[in-house]
1. Limited to the range B:144-169, what total is found for residues that are over 10 Å from B:T218 (Cα atoms) and either aliphatic (A, V, I, L, M) or outside any helix (DSSP H, G or I) (or both)?
2. State the number of residues belonging to the range B:305-336 that are modelled with pLDDT under 75 and open to solvent by less than 60 Å² (accessible area, probe 1.4 Å).
3. Which pairs do you get when a residue that is farther than 17 Å from B:A557 by Cβ and open to solvent by 10 Å² or more (accessible area, probe 1.4 Å), found in the range B:580-592, comes within reach of a residue that is small (G, A, S) and at pLDDT below 80, reach meaning Cβ atoms under 7 angstrom, with the pair 6+ apart or on two chains?
4. Being of a type in the set (D, E), out of contact with any strand residue (DSSP E or B) (no Cβ under 7 Å at 6 or more places or on another chain) and open to solvent by 30 Å² or more (accessible area, probe 1.4 Å): is that true of B:D147 here?
5. Which ranges mark the strands (runs of 3 or more DSSP E) fully within the range B:456-569 that have 2 or more residues being surrounded by fewer than 17 Cβ atoms within 10 Å (Cβ to Cβ)?
6. So which of B:E440, B:E471, B:E458 is touching a Pro at 6+ places or on another chain (Cβ under 9 Å) and charged (D, E, K, R)?
7. Restricting attention to strands (runs of 3 or more DSSP E) lying wholly within the range B:8-95, give those where 2 or more residues are at pLDDT below 80 and either under 25 Å from the mean Cα position of the chain (by Cα) or hydroxyl-bearing (S, T, Y) (or both).
Amino acid sequence: MEMLVYLIPISLFLGGLGLAAFFWALRSRQFDDPEGDSRRILSDDWDDHPRP
Amino acid sequence: MSSAIQARPSACPACAAAPAAEDLAAAAQPDARLLLSLPTIHCAGCISTVEKGLARVPGVHSARVNLTLKRVSVDAAPEITADQLITELDGLGYEAHELDAGLLSVTATDKAGREILMRLAVAGFAMMNVMLLSVAVWSGAADATRDLFHWISAAISLPTIAFSAQPFFRNAWAALSARRLNMDVPISLAILLAAGMSLYETILSGQHAYFDAALSLTFFLLAGRYLDHRTRAVARSAAEELAALEVPRATRVVDGVEEVVAIADLAVGDLVRVRPGGRLPVDGVVVEGQSETDRSLLTGESLPVFAGPDSVLSAGEVNLTGPLLVRVTAAGEDSSLHRMADLVSVAESSKNRYTSLADRAASIYAPGVHLLALFAFLGWLWVSGGDLRLALNIAVAVLIITCPCALGLAVPAVTTAASGRLFRRGLLIKHGTALERLAEVDTVVFDKTGTLTEGAPEPTNLGDHPRRVLEIALALAGASAHPLARALARAADQAGIKPARLSDIREKPGYGVEGRLGGETVRLGRAEWVGASSGTTTAAWLQIGQGAPVEFTFADALRPGAAAAVAALQAQGMAVHLLSGDAEGPVRDLADRLGITHWQAGVLPVDKAAHVTGLSADGARVLMVGDGLNDTAALAAAHVSISPASALDAARVASDIVLLGKDLSPLPAAITTAQKATRRIKENFSIAALYNAIAVPVALLGFATPLAAALAMSASSITVSLNALRLR
């Protein structure tokens with residue numbers, strides 16, 4: 001049972017990491033056009049090199 | 001990826017891979033940001049066609065399509081105008097409208113939406129962690145371990161609830177301080193009591209804690225709130241962008257000097273210059289100049305009206321051929337435009353009385369749940385002989401298990417699915433209860449000019465004239481910007497006619513165009529000008545020398561999909577009516593073509609509204625479709641109303657739904673979707689009621705455990721959401 005002393009903080013930390021990642025994505029406006037982003041994956045316009 | 005529209009380049013994920021983007025953005029600083037609405041885009045192909053097509057225009061630095069909002073934002077050099085881009089997009093086959101970037105900046109950074117999403121994320125994170133600990137407790141953790149888990153849960157839950165559930169607390173407080181009950185009151189009570197009770201149990205090392213229930217309640221309800229917000233935000237932003245189309249300015253002439261002023265600053269007696277193509281900002285009398293005006297948006301008349309000195313004009317008419325100097329007789333509040341708006345506000349109030357299904361459900365649900373919990377508390381207090389802790393525990397279990405989350409999701413999940421479907425077809429739901437009202441419709445009233453027809457004339461008898469006559473007509477028509485002349489020129493051009501050689505071509509504003517062919521004068525214009533008598537159909541007359549005048553007749557072209565829409569509506573069993581302010585001839589003609597049996601011509605705006613109210617009084621649920629000022633009162637009076645995006649501001653404001661594309665054919669399907677959506681909402685209520693019917697007795701008898709509460713809550717929420725997704 002002593003294991004819990006490590007495991008619970010670790011699980012909370014990992015979850016918190018995910019939450020922080022979500023906040024970052026939200027703030028950088030990656031949720032502004034969900035519809036368009038799901039379609040853009042189908043286009044091969046910038047497959048060879050990133051958009052100039 | 002989104003480097004083009006990044007406000008802060010540092011936050012963009014693709015910048016690391018594309019350092020060039022930052023340099024480019026830095027080099028081209030004072031870019032103008034243009035926003036265009038693209039009602040017809042729908043796929044990956046469209047995105048890349050539009051973006052590439054716009055990028056090819058010299059001066060455009062970047063273009064980024066937002067498919068969710070169906071618009072493109074363009075960063076371009078200041079000299080690029082929206083009109084250029086619209087023409088370019090038109091060439092690519094996409095309809096586009098300019099939007100006011102200033103107005104839109106409010107909605108572009110959707111702060112409220114992101115705030116809810118953030119609360120939702122925090123609630124979800126906390127819920128998962130607490131659920132993890134709760135599963136351990138449910139599967140048998142005891143004594144010190146259980147207490148530890150409860151304490152950790154409390155440490156996670158209490159701050160989360162304080163942060164995430166704020167919107168509910170705020171709404172509940174607002175309702176309570178106004179002495180009303182809404183859905184947020186039982187929600188807040190359930191969350192607060194569950195958290196408080198659990199903390200109390202934890203302090204006393206009790207067996208049951210409902211932290212997970214409090215959190216999942218918050219999470220599911222926030223999800224419903226977010227869906228609701230998202231639907232509304234899309235509709236609101238698009239409605240705002242449409243409102244930005246018209247510019248409220250006028251050219252005032254003071255001592256021969258022209259100045260541009262806001263319409264609000266005009267006073268009675270001022271002189272206003274109205275150029276050809278301009279809309280009259282005020283009521284007034286013509287002082288100088290001759291022209292024709294188009295009053296189709298005001299009255300539905302398709303025939304242009306002559307305007308010369310002393311003609312009385314009203315606000316909203318469009319000046320067609322010559323510049324006019326107008327003395328203002330009524331401005332602002334007193335103008336006929338505003339009187340029309342007053343009619344609307346009277347009719348509007350009746351619409352606000354409609355109670356939505358959600359409100360009706362909440363008004364039954366909220367008091368019911370509170371009474372039930374109180375009953376459980378008092379009952380167990382009496383049965384157990386004063387065991388306050390037990391009684392309170394069971395009352396809380398009842399509150400939690402009656403689970404308003406299924407109810408909170410029941411409506412938004414369905415409306416989101418339905419509005420999304422309608423939006424993809426080009427219909428924008430502006431009003432919260434519009435879908436429910438649309439589902440009840442059994443009578444459809446159409447306006448003619450601009451709604452069933454495009455409001456643009458097309459020549460109908462070109463084939464009856466000899467080629468020589470057409471050549472002369474084309475030469476004259478090509479010199480004028482009058483809509484009839486333009487339509488004639490376009491049609492003749494398409495028929496492969498070459499213009500005749502004329503000399504001295506000049507336009508006589510208000511009358512027509514004349515020129516010289518050899519020694520003869522040729523004229524194209526109004527009937528009276530060439531010595532003919534005008535009939536009821538829209539026509540332009542051509543006179544060669546002193547010969548007999550030749551008539552070119554015009555008819556308004558049908559809007560695409562109009563015939564299909566009317567036929568489909570009639571097939572659905574709807575009564576279709578046609579009300580127009582236009583003359584009898586064109587109206588009867590159109591009604592015959594579309595197979596509409598109930599029609600009325602020459603209807604005044606007030607009579608339109610009266611007709612709609614009369615139908616409603618007879619028990620009909622009327623859907624009004626119209627675009628003009630003369631329709632606004634009727635639009636507001638109808639049970640539900642639709643206007644095309646090309647309609648006047650006032651009409652769009654008065655209507656509940658805006659049709660973004662040109663095509664009318666999505667109308668019947670929209671009604672079907674609305675009916676299905678209402679059915680789903682009712683099904684969802686039944687599902688929620690069914691869960692409660694099973695769970696409430698269990699909770700009342702004191703058998704409910706946190707595990708049972710968690711199961712009931714998740715199961716009902718998920719069933720309700722899945723049922724909403726069934727909407728096809």
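The values are calculated or read from the model by the stated rules, or taken from the named source; none is laboratory data. Every value quoted in this text rests on a predicted model; they were computed, and no experiment measured them. Every residue, glycine as well, gets a Cβ built from its backbone with ideal geometry; the counts of neighbours run over all protein chains shown. The area values use the complete protein model at the heavy-atom level, side chains included, leaving out ligands, DNA and RNA. Shrake-Rupley method; radii C 1.70, N 1.55, O 1.52, S 1.80 Å.
1. Matching residues across the range B:144-169 total 8.
2. Of all residues in the range B:305-336, those modelled with pLDDT under 75 come to B:316, B:331-336.
Those left that are additionally open to solvent by less than 60 Å² (accessible area, probe 1.4 Å): B:316, B:331-332, B:335-336.
So the answer is 5.
3. Every condition considered, the pairs that remain are B:G581/B:G300.
4. Answer is yes for this residue.
5. So the answer is B:503-508, B:520-525, B:550-558.
6. The match here is B:E471.
7. B:32-37
Quick grid of which residues meet (1) surrounded by 22 or more Cβ atoms within 10 Å (Cβ to Cβ); (2) within 25 Å of the chain's Cα centre (by Cα); (3) in a helix (DSSP H, G or I):
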| position | (1), (2), (3) |
| --- | --- |
| B:S643 | yes, yes, no |
| B:A651 | yes, yes, yes |
| B:A670 | yes, yes, yes |
| B:A674 | yes, yes, yes |
| B:F685 | no, no, yes |
| B:L690 | no, no, yes |
| B:A708 | no, no, yes |
| B:A715 | no, no, yes |
